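Colleague: Sharing a structure here in structure tokens format.
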Amino acid sequence: MAVHIVADENIPLIDEFFADIGTITRVAGRTMSAADLSAADALLVRSVTQVNESLLAGSNVKFVGTATIGTDHVDQDYLQQHNIGFRSAPGCNAQAVVDYILSALSVLNDSRGQAFTDLTVAIVGVGNVGLLLRQRLEEMGVAVLAVDPFKDPQDVGELVSLDEVLQADVISLHTPLTTDGEHATRHLINAERLQRMKPDACLINSCRGAVVDNRALQQHMLAQPEFEAILDVWENEPELDLELMNRAMLATPHIAGYSLDGKMRGTEMVYQGLCECFGVPVRRKLAQFLPEPGIKMVTFTDQVPMNQALRTAIRAAYEIRVDDGVMRSAMIRASHQGDGSLRATFDQLRRDYPLRRDIPRLKVAVPSKCHDLQDTLKAAGFDVRAK
Ligand SMILES: NC(=O)C1=CN([C@@H]2O[C@H](COP(=O)(O)OP(=O)(O)OC[C@H]3O[C@@H](n4cnc5c(N)ncnc54)[C@H](O)[C@@H]3O)[C@@H](O)[C@H]2O)C=CC1
Ligand SMILES: O=C(O)C(=O)[C@H](O)COP(=O)(O)O
């Protein structure tokens, strides 16, 4: 049976994974409509497509795959009620988000003349991203506080209350966007909770924009000039609040998870789900397609101080300041153009995102006598070679 697949044009390796399963139509994810699905058996999306009754009603779609970790754009109840198979890609780009946070922390440290180990970092949501971040930071010697009402400390380590977490130097958000129940995360960080943070705290949001009340954050930063925000995600994307961007210490266009490794892993995971749903044998594996990294090796001498080596290695793998600079200049240019330019520019930055690899793909050579440096770089996830 040939499966007709409608796929977001920004999903990589669509032909490589799916061409021998059926026919493929690529469409723009942001503007996908019910008309695009008239002949579809399977739908593959990213986070920018709202998958709900108005998209699917009247179609013959039997499977929906989202090549993303987040699933807040998918009405899973509707899929279940209509017997439509579903697969997301849990954890696919968790490593990339962790790399983003490490690069962000290295910039924050530079601006304050601090080392990683001078900070207490709070993690809100200890799932795939939060737990990997916790492991990396703790092994690097950073003090971590974590909160997650749905997790057992036996599985994810010690947990504290949200009140305690608000007292950390850095608060990094890693929850899904949810709107129902006692622990709903929409506007989890609101004006009142911002008030309870340290005046010079740093809030990092790389999960979903609406987990933070963006208006309250902007007002808080106006009143507390020492407060820092590092923002990858924005309420109402692809709309962007330029004022908030200008106040943020680092601003990026929802690309924290955009490593090649993470994106391709996402495709492989939905491929496996689609094969299972249609009873097709799994013939393709990510390793067939993932290229070798371009930078082969970063080499350190024994003279390099620990923090400098760590910063250099992290930024050789992922330099957040480049993404920040590209976004600011593109957005400022767009703000002088007409209606819709900011939205279009936000999406264009994402579509044309340059190649980036996960930290564990970067080999780092360290003198064999520098055991502490080797251990710290391994803790941060690097492929360390003693030389
Ligand atoms: N900026 C980007 O490019 C990316 C953003 N994301 C976002 O990050 C989110 C987290 O990713 P994962 O860790 O892989 O998801 P996950 O589902 O593995 O973990 C989320 C954790 O948050 C916890 N949680 C839920 N409500 C909470 C609350 N009120 N307070 C504290 N914890 C709460 C859950 O119990 C769970 O342990 C995703 O849902 C997605 O929206 C994910 C990948 C890339
Ligand atoms: O995996 C997720 O969840 C994300 O946030 C994705 O990295 C977002 O990428 P797009 O699906 O919006 O391209």
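Nothing in this text is a laboratory measurement; each read-out follows from the coordinates by a stated rule. Everything numeric here is computed off the predicted structure, so don't read it as measured data. Every residue, glycine as well, gets a Cβ built from its backbone with ideal geometry; the counts of neighbours run over all protein chains shown.
Colleague: What residue, of 279, 262, 325, 257, is free of Cβ contacts under 8 Å to residues at least 24 places away in the same chain and under 30 Å from residue 229 (Cα atoms)?
Modeller: Values: 279 fails: under 30 Å from residue 229 (Cα atoms); 262 fails: free of Cβ contacts under 8 Å to residues at least 24 places away in the same chain; 257 fails: free of Cβ contacts under 8 Å to residues at least 24 places away in the same chain.
On inspection, the qualifying residue turns out to be 325.
Colleague: Tell me which residues, restricted to the range 232-249, are part of a loop (DSSP other than H, G, I, E, B), surrounded by fewer than 20 Cβ atoms within 10 Å (Cβ to Cβ) and not aliphatic (A, V, I, L, M). Let's see the steps before the verdict.
Modeller: Taking the range 232-249 and keeping what is part of a loop (DSSP other than H, G, I, E, B), we get 232-241, 248-249.
Filter once more, so that each one left must be surrounded by fewer than 20 Cβ atoms within 10 Å (Cβ to Cβ): 236-239, 241, 249.
Matches in the range 232-249: 236, 237, 238, 239, 241.
Colleague: Sticking with this structure for a sec: I'd like to check which strands (runs of 3 or more DSSP E) are fully inside the range 1-76 and have at least 2 residues that are hydroxyl-bearing (Ser, Thr, Tyr).
Modeller: On the way: elements: 3-8, 22-27, 42-45, 63-66.
Because the criterion is at least 2 residues that are hydroxyl-bearing (Ser, Thr, Tyr), the strands (runs of 3 or more DSSP E) in the range 1-76 that meet it are 22-27.
Colleague: Further question on the same structure: Would you mind telling me which numbered condition in (1) in contact (Cβ under 8 Å) with a residue 40 or more places away in the chain; (2) under 30 Å from residue 166 (Cβ atoms); (3) away from ligand 1 (no atom under 16 Å from the Cβ); (4) not β-branched (Val, Ile, Thr) residue 240 fails?
Modeller: Going through the list (1) in contact (Cβ under 8 Å) with a residue 40 or more places away in the chain; (2) under 30 Å from residue 166 (Cβ atoms); (3) away from ligand 1 (no atom under 16 Å from the Cβ); (4) not β-branched (Val, Ile, Thr), residue 240 breaks only (3).
Colleague: Follow-up. Residues that are within 25 Å of residue 246 (Cβ to Cβ): list the helices (runs of 4 or more DSSP H) wholly contained in the range 119-231 that include at least 3 such residues. Even if it seems obvious, please write down each step before you answer.
Modeller: Values: elements: 128-139, 153-156, 162-165, 191-196, 214-223.
Qualifying helices (runs of 4 or more DSSP H): 191-196, 214-223.
Colleague: Just to be sure before I move on: is residue 365 among the small types (Gly, Ala, Ser), touching a helix residue (DSSP H, G or I) at 6+ places or on another chain (Cβ under 7 Å) and touching a residue at least 12 places away in the same chain (Cβ under 8 Å) in the structure I sent? So that I can check it myself, show each step before the final result.
Modeller: Details: among the small types (Gly, Ala, Ser): yes; touching a helix residue (DSSP H, G or I) at 6+ places or on another chain (Cβ under 7 Å): no; touching a residue at least 12 places away in the same chain (Cβ under 8 Å): yes.
Criteria not met by residue 365.
Colleague: Check off (1) buried (at least 22 other Cβ atoms within 10 Å of the Cβ); (2) touching a strand residue (DSSP E or B) at 6+ places or on another chain (Cβ under 8 Å); (3) aromatic (Phe, Trp, Tyr) for residue 86 and give me the number that stays unchecked.
Modeller: So the condition that residue 86 fails would be (1).
Colleague: Take the residues in the range 173-184 that are under 17 Å from residue 231 (Cβ atoms) and either out of contact with any helix residue (DSSP H, G or I) (no Cβ under 6 Å at 6 or more places or on another chain) or free of Cβ contacts under 8 Å to residues at least 60 places away in the same chain (or both), then tell me which one is nearest to ligand 1 (Cβ to nearest atom). Spell out the reasoning first.
Modeller: At the first step, the residues of the range 173-184 found to be under 17 Å from residue 231 (Cβ atoms) are 173-175, 177.
Keeping just the survivors that are either out of contact with any helix residue (DSSP H, G or I) (no Cβ under 6 Å at 6 or more places or on another chain) or free of Cβ contacts under 8 Å to residues at least 60 places away in the same chain (or both) gives 173, 175.
Working: 173: 8, 175: 4 Å.
Here the answer is 175.
Rundown of residues vs (1) charged (D, E, K, R); (2) without any contact (Cβ under 8 Å) to a residue 24 or more places away in the chain; (3) more than 16 Å from ligand 1 (Cβ to nearest atom); (4) within 23 Å of residue 320 (Cα to Cα), yes/no style:
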residue	(1), (2), (3), (4)
57	no, yes, yes, no
60	no, yes, yes, no
64	no, yes, yes, no
72	yes, no, no, no
82	no, no, yes, no
85	no, no, yes, no
92	no, no, no, yes
109	no, no, yes, yes
114	no, yes, yes, yes
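Every residue, every condition in (1) farther than 22 Å from residue 352 by Cβ; (2) within 16 Å of ligand 2 (Cβ to nearest atom); (3) in contact with a helix residue (DSSP H, G or I) (Cβ under 7 Å, 6 or more places away or on another chain), yes or no:
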{"position": "194", "(1), (2), (3)": "yes, no, yes"}
{"position": "226", "(1), (2), (3)": "yes, no, no"}
{"position": "243", "(1), (2), (3)": "yes, no, yes"}
{"position": "255", "(1), (2), (3)": "no, yes, yes"}
{"position": "262", "(1), (2), (3)": "no, yes, yes"}
{"position": "265", "(1), (2), (3)": "no, yes, yes"}
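Colleague: Can you find, within the range 172-192, the residue that is nearest to residue 114 (Cα to Cα) among those that are more than 16 Å from ligand 2 (Cβ to nearest atom) and touching a strand residue (DSSP E or B) at 6+ places or on another chain (Cβ under 9 Å)?
Modeller: Out of the qualifying residues, it is 189.
Colleague: Also, quick follow-up: Report yes if some residue within the range 328-349 is within 25 Å of residue 385 (Cβ to Cβ) and either of a type outside the set (A, V, I, L, M) or within 24 Å of the chain's Cα centre (by Cα) (or both); otherwise report no.
Modeller: Looking only at the range 328-349, we keep the residues that are within 25 Å of residue 385 (Cβ to Cβ), and these are none.
Among the residues of the range 328-349, not one is within 25 Å of residue 385 (Cβ to Cβ) and either of a type outside the set (A, V, I, L, M) or within 24 Å of the chain's Cα centre (by Cα) (or both), which makes the answer no.
Colleague: Just to verify a result, which residue in the range 185-227, among those that are more than 9 Å from ligand 1 (Cβ to nearest atom) and β-branched (Val, Ile, Thr), is farthest from residue 99 (Cα to Cα)? Before the answer, list the steps.
Modeller: In the first step, residues of the range 185-227 are kept if they are more than 9 Å from ligand 1 (Cβ to nearest atom); the result is 186-187, 189-204, 209-210, 212-227.
From what is left, the residues that are β-branched (Val, Ile, Thr) are 189, 204, 212.
Numbers: 189: 23, 204: 13, 212: 21 Å.
Checking each candidate, the answer is 189.
Colleague: Quick check on the range 131-149: of everything there that is aliphatic (A, V, I, L, M) and more than 19 Å from residue 375 (Cα to Cα), which residue is nearest to ligand 2 (Cβ to nearest atom)?
Modeller: Just the residues of the range 131-149 that are aliphatic (A, V, I, L, M), to begin with: 131-133, 137, 140, 142-147.
Within this subset, residues satisfying the condition of being more than 19 Å from residue 375 (Cα to Cα) are 131, 145-147.
Values: 131: 16, 145: 24, 146: 20, 147: 20 Å.
Per the criteria, the residue is 131.
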